[in-house]
Amino acid sequence: MSSLKEQLGSGEKRQQVIEDAIKVLDAEVADKGGLTVVQGVRPGFVKDVVTGLLEDFLDAMDPLYQEAKQKNRPAGAYLLENKGRMAEGLLGVTDRKAQRADNVVLKKAYEKLRPLAKGQVEAAAPRLAQLLEKHAEKTA
């Protein structure tokens, strides 16, 4: 089976995933009752960040996707069962990016919020599972 990056990392499918990922992010922020620091940085910032992180996020989620396929399980359900691993993989991507960030304000905001991040990413697992099921090849 092809990787998530091969399936979703280019062309029209990539744009659809980016648009849906932004909707997931917006819904998660709305559920928490607020705005995030990054939304106020500049117009289009969130889209630029999602676009820039997509391939690394797909790589981070691919091991779970491949395991789901090997076990003949729906990828979304498998992701939910392994939301801690999913969160650690995605946060590993953002941790590496934050370490290299030039924007001091964003870097400080990330460092301040990072201790809470795993729980927030795990809470987003149902929406991320739906996004995966919508766009990726079926695993079961």
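The values are calculated or read from the model by the stated rules, or taken from the named source; none is laboratory data. If you're wondering where the values come from, they're calculated on a predicted model, not measured in any experiment. Cβ atoms come from the backbone with ideal geometry, glycine included; neighbour counts cover every protein chain shown.
Before we move on, is Ala98 surrounded by 15 or more Cβ atoms within 10 Å (Cβ to Cβ), within 19 Å of Val17 (Cβ to Cβ) and in contact with a Phe, Trp or Tyr (Cβ under 6 Å, 6 or more places away or on another chain)?
Numbers: surrounded by 15 or more Cβ atoms within 10 Å (Cβ to Cβ): yes; within 19 Å of Val17 (Cβ to Cβ): no; in contact with a Phe, Trp or Tyr (Cβ under 6 Å, 6 or more places away or on another chain): yes.
So Ala98 does not fit the description; no.
Of the residues that make up the stretch 111-127, is at least one under 15 Å from the mean Cα position of the chain (by Cα), under 16 Å from Leu4 (Cα atoms) and polar (S, T, N, Q)? The answer is no, given that none of the residues of the stretch 111-127 is under 15 Å from the mean Cα position of the chain (by Cα), under 16 Å from Leu4 (Cα atoms) and polar (S, T, N, Q). Inspect the stretch 51-70 for any residue being surrounded by 12 or more Cβ atoms within 10 Å (Cβ to Cβ) and either at pLDDT below 90 or outside any helix (DSSP H, G or I) (or both) and give the result as yes or no. No, that holds for no residue. Only one entry in Lys47, Lys107, Lys134, Lys97 is over 19 Å from Gly9 (Cβ atoms) and among the basic types (Lys, Arg), namely Lys107. The set of residues from the stretch 91-140 being in contact with a Leu (Cβ under 9 Å, 6 or more places away or on another chain) and of a type in the set (Gly, Ala, Ser) comprises Ala98, Ala117, Ala124, Ala125, Ala129, Ala136.
Suppose the filter is surrounded by 13 or more Cβ atoms within 10 Å (Cβ to Cβ) and more than 20 Å from Lys5 (Cα to Cα); does Leu106 pass it? Write out each step before concluding.
Details: surrounded by 13 or more Cβ atoms within 10 Å (Cβ to Cβ): yes; more than 20 Å from Lys5 (Cα to Cα): yes.
Here the answer is yes, as Leu106 does meet what is asked.
Against the definition (of a type in the set (Phe, Trp, Tyr) and over 18 Å from Val49 (Cβ atoms)), how does Tyr110 come out, yes or no?
Working: of a type in the set (Phe, Trp, Tyr): yes; over 18 Å from Val49 (Cβ atoms): no.
For Tyr110, the condition - of a type in the set (Phe, Trp, Tyr) and over 18 Å from Val49 (Cβ atoms) - is not met.
For every residue, the table says whether it meets (1) assigned to a helix (DSSP H, G or I); (2) at pLDDT below 90.
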residue	(1), (2)
Arg85	yes, no
Gly89	yes, no
Arg96	yes, no
Asp102	no, yes
Leu106	yes, yes
Ala109	yes, yes
Leu116	yes, yes
